[in-house]
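Participant: Can you read through this structure? Questions will come right after.
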Amino acid sequence: MSLVTLITLSDEELFKLGHEGNQDAITVLYNRFLTMRKGLARLINPNAYTTLDDYHILDALNDAFSRAYLQFRPEKSKFRTFFESIYQNSLYDQMRLVKKENAFNPYSFDMSFSGDDDDKTCLHDIVPSGEVSDDPHLFMNYLETLESLDSLPPSLPPESVEVARMVLIEGYTRDECAAKLKLSHSRVAYLLRKFHLWARKVLGPHK
């Protein structure tokens, strides 16, 4: 079935074809809601629409679509109605995540995180306080330290650590990174964006 034909089908028809193994039908269905993500957010959760940036809205969309696609039962409701109920909850989850992120206190460069009083290691031993530059090694050392302490900000996916290391430190292109980690190019770009947002927010005050 051609993409032109698929685009004319209803959500429920695309859902049925997707469950029969038609990957193009799933893509068309996903893209339909992807393009509506902001409009739907504004309609069903105005506070989320005005509070969240597009990255968080996209996170909510992806979470809601995955769950809706797995849980939807055609005999019980329309796909859009079912999706919107889940999307609303996902938007609330993203708002709570942003609230936690804004309250997140990164470790001070001078705060001890291991050893006893006679043998303390501080973050400034890894990233010298006042000497933060554009060297990605400094960013990565600090990020990996937070990861080892299980203290990554709530909105920074753990995958960002590996992607940032591969692209910024090891010299992989985004396409090479995507292929090696079996991620889409857009996912790699998204994870790098998350890393850059984090780096500016957390390390910026120490410049």
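The values are calculated or read from the model by the stated rules, or taken from the named source; none is laboratory data. Note that the coordinates shown come from a computational prediction; the quantities given were computed from them, not determined experimentally. So basically every Cβ, Gly included, is an ideal-geometry build from the backbone, and we count neighbours across all protein chains shown. Note: accessible area is taken over every heavy atom of the protein model, side chains too, but ligands, DNA and RNA are not part of it. Shrake-Rupley method; radii C 1.70, N 1.55, O 1.52, S 1.80 Å.
Participant: Kindly provide the set of residues from the stretch 137-186 that are among the aromatic types (Phe, Trp, Tyr) and at pLDDT below 75, ordered by number.
Facilitator: 139, 142
Participant: Right, next: With the condition kept exactly as written, say whether any residue in the stretch 114-128 is aliphatic (A, V, I, L, M), modelled with pLDDT of 85 or more and open to solvent by less than 70 Å² (accessible area, probe 1.4 Å).
Facilitator: no
Participant: Kindly establish whether residue 100 is under 30 Å from residue 25 (Cα atoms), of a type outside the set (Ser, Thr, Tyr) and modelled with pLDDT of 60 or more.
Facilitator: Judged against the criteria, residue 100 is not a match.
Participant: May I pose another question? Which number in (1) touching a helix residue (DSSP H, G or I) at 6+ places or on another chain (Cβ under 6 Å); (2) open to solvent by less than 60 Å² (accessible area, probe 1.4 Å); (3) hydroxyl-bearing (Ser, Thr, Tyr) marks the one condition that residue 142 misses?
Facilitator: Going through (1) touching a helix residue (DSSP H, G or I) at 6+ places or on another chain (Cβ under 6 Å); (2) open to solvent by less than 60 Å² (accessible area, probe 1.4 Å); (3) hydroxyl-bearing (Ser, Thr, Tyr) one by one, residue 142 breaks only (1).
Participant: Which of the residues spanning the stretch 56-77 are assigned to a helix (DSSP H, G or I), surrounded by 14 or more Cβ atoms within 10 Å (Cβ to Cβ) and in contact with a helix residue (DSSP H, G or I) (Cβ under 8 Å, 6 or more places away or on another chain)?
Facilitator: Passing the criteria: 56, 57, 58, 59, 60, 61, 63, 64, 65, 67, 68, 69.
Participant: What pairs can you find where one residue is in the stretch 11-30 and in contact (Cβ under 8 Å) with a residue 24 or more places away in the chain and among the basic types (Lys, Arg), the other is part of a helix (DSSP H, G or I) and open to solvent by less than 50 Å² (accessible area, probe 1.4 Å), and their Cβ atoms are less than 9 Å apart, with a gap of 6+ or different chains?
Facilitator: 16/25
Participant: While we're here: Can you report the number of residues in the stretch 158-197 which are under 25 Å from residue 97 (Cβ atoms) and not in a helix (DSSP H, G or I)?
Facilitator: Matching residues across the stretch 158-197 total 3.
Participant: Residue by residue through the stretch 8-23, note down the ones that are open to solvent by 80 Å² or more (accessible area, probe 1.4 Å), of a type outside the set (Lys, Arg) and in a helix (DSSP H, G or I).
Facilitator: 13, 19, 23
Participant: If a residue has to be open to solvent by 70 Å² or more (accessible area, probe 1.4 Å) and either within 15 Å of residue 188 (Cβ to Cβ) or assigned to a helix (DSSP H, G or I) (or both) to count, how many in the stretch 145-157 make the cut?
Facilitator: Here the count works out to 2.
Participant: State which residue is nearest to residue 186 (Cα to Cα) when the search covers only the stretch 34-55 and only residues that are open to solvent by 90 Å² or more (accessible area, probe 1.4 Å) and of a type in the set (Ser, Thr, Tyr).
Facilitator: 35
Participant: Let me ask another. Return a yes/no flag: does the stretch 40-47 have any residue that is at pLDDT 90 or above, within 28 Å of residue 2 (Cα to Cα) and assigned to a helix (DSSP H, G or I).
Facilitator: For the stretch 40-47, residues at pLDDT 90 or above, within 28 Å of residue 2 (Cα to Cα) and assigned to a helix (DSSP H, G or I): present.
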